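K.L.:
Let me give you the structure first, and then I'll get to my questions.
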Amino acid sequence: MSVRIAVLASGSGTNLQALLDHFRTDDSADITLVISDRADAGALARARAADVDSEHVEVRGRSDDDVARQTLALLEQHGIDMIALAGYLRLVPARVTERFRSRILNIHPALLPAFGGAGMYGRHVHEAVLAARVKVTGATVHFVDERYDEGRVIAQWPVPVLPGDDAATLGARVLRVEHRLFPVVVAAVARSLGHSESAGVGRAASRPSGQADIFRLTASPDGIEAEISGLTGL
Ligand code: GRF
């Protein structure tokens, strides 16, 4: 059974595009739904172009409860098993993270726990990396919990900071890595869910959180392979 993924995105959606492209030929999962807090997000246009259902869920001026109720209703209607945050700039309501514990992933453009937390998004991350004069940054995929960028790290990929970099050149180098890393990690987690006896919003609620015991990434001239084994308790 193919795992049904919802992607939440606020921006242009290039990471969403990488996921859409990947799952065209990988049948372990489907990108079934795209949700954005911004009606004009490029991500919603990319979803429409790919013939994927898309929804605008307004966050400004609404209570967490209200946003959670609408989001969970949409996820349920679409039979969503797993969520990928691809440049989603809002805190996901706790009722959603609880329901999707160990089934909700985020990509962050730095090596967490460094350069994460509230306000650390987009250009701000790369400016902070440059100001700190570190030699290596990278991309992190992690599980999402109730706090910004604090969930358990699943995979990281280093990227060098080069002399003469500014936030734009560094951000572009990191983004190229994000586009390769996120799909393989999302696919690996999806495969591990697909292999567990069942997935789905209803079941996820009653399950304990998973433990990614072994996550292996291997690089080859043809790309990155990801494999998760021992993902228990899902
Ligand atoms: C990416 O750098 C991602 O890591 C961060 O937001 C950015 C989104 O870019 N969370 P895009 O919308 O996927 O192009």
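K.L.:
Which condition number does Thr97 fail, the rest of (1) more than 20 Å from Pro183 (Cα to Cα); (2) within 11 Å of the ligand (Cβ to nearest atom); (3) of a type in the set (Val, Ile, Thr) being met?
P.N.:
So the condition that Thr97 fails would be (2).
K.L.:
Tell me, which residue of the stretch 12-30 that is more than 22 Å from Ser192 (Cβ to Cβ) and open to solvent by 20 Å² or more (accessible area, probe 1.4 Å) is farthest from the ligand (Cβ to nearest atom)?
P.N.:
So, considering only residues that are more than 22 Å from Ser192 (Cβ to Cβ) and open to solvent by 20 Å² or more (accessible area, probe 1.4 Å), the one farthest from the ligand (Cβ to nearest atom) is Gln17.
K.L.:
Can you go through Glu146, Glu76, Glu150, Glu58 and tell me which one is within 15 Å of the ligand (Cβ to nearest atom) and among the acidic types (Asp, Glu)?
P.N.:
Checking each option against the conditions leaves just Glu150.
K.L.:
Of all residues in the stretch 105-152, count the ones that are part of a strand (DSSP E or B), out of contact with any Phe, Trp or Tyr (no Cβ under 7 Å at 6 or more places or on another chain) and open to solvent by less than 50 Å² (accessible area, probe 1.4 Å).
P.N.:
Number satisfying all stated conditions: 6.
K.L.:
Select from the stretch 21-51 the residues that are over 22 Å from Leu91 (Cβ atoms), under 17 Å from the mean Cα position of the chain (by Cα) and in a loop (DSSP other than H, G, I, E, B) and list them in ascending order.
P.N.:
Within the stretch 21-51, Ser28 is the sole residue that qualifies.
K.L.:
Also, quick follow-up: Any chance the stretch 159-168 includes a residue that's at pLDDT 95 or above, open to solvent by 40 Å² or more (accessible area, probe 1.4 Å), assigned to a loop (DSSP other than H, G, I, E, B) and acidic (Asp, Glu)?
P.N.:
Yes, the stretch 159-168 has at least one match.
K.L.:
Give me the residue from the stretch 31-53 that is over 20 Å from Gln77 (Cβ atoms) and within 12 Å of the ligand (Cβ to nearest atom) and, out of that set, least open to solvent (accessible area, probe 1.4 Å).
P.N.:
Narrowing the stretch 31-53 to residues over 20 Å from Gln77 (Cβ atoms): 38, 40-42, 45-46, 49.
Add one more test, that the residue is within 12 Å of the ligand (Cβ to nearest atom), and what stays is 38, 41-42, 45-46.
Numbers: Arg38: 112, Ala41: 5, Gly42: 28, Ala45: 48, Arg46: 70 Å².
Across the stretch 31-53, the extreme among qualifying residues is Ala41.
K.L.:
Any idea which of (1) out of contact with any His (no Cβ under 9 Å at 6 or more places or on another chain); (2) more than 18 Å from Ser192 (Cα to Cα); (3) more than 12 Å from the ligand (Cβ to nearest atom) is the one Leu89 doesn't satisfy?
P.N.:
With respect to (1) out of contact with any His (no Cβ under 9 Å at 6 or more places or on another chain); (2) more than 18 Å from Ser192 (Cα to Cα); (3) more than 12 Å from the ligand (Cβ to nearest atom), Leu89 is out only on (3).
K.L.:
Answer with yes or no whether Val3 is open to solvent by less than 10 Å² (accessible area, probe 1.4 Å), more than 16 Å from the ligand (Cβ to nearest atom) and under 25 Å from His195 (Cβ atoms).
P.N.:
Answer is yes for this residue.
K.L.:
Within the stretch 91-104, which residues are assigned to a loop (DSSP other than H, G, I, E, B) and farther than 19 Å from Val153 by Cα? Walk me through it before giving the result.
P.N.:
As a first pass, look at the stretch 91-104 and keep what is assigned to a loop (DSSP other than H, G, I, E, B): 91-93, 100-103.
Scanning the stretch 91-104 gives a single hit, Pro93.
The values are calculated or read from the model by the stated rules, or taken from the named source; none is laboratory data. The structure presented is a predicted model; accordingly, all values stated were derived computationally and were not measured. Glycine also receives a Cβ, built like all others from the backbone with ideal geometry; neighbour counts cover every protein chain displayed. With ligands, DNA and RNA removed, areas are computed over all heavy atoms of the protein, side chains included. Shrake-Rupley method; radii C 1.70, N 1.55, O 1.52, S 1.80 Å.
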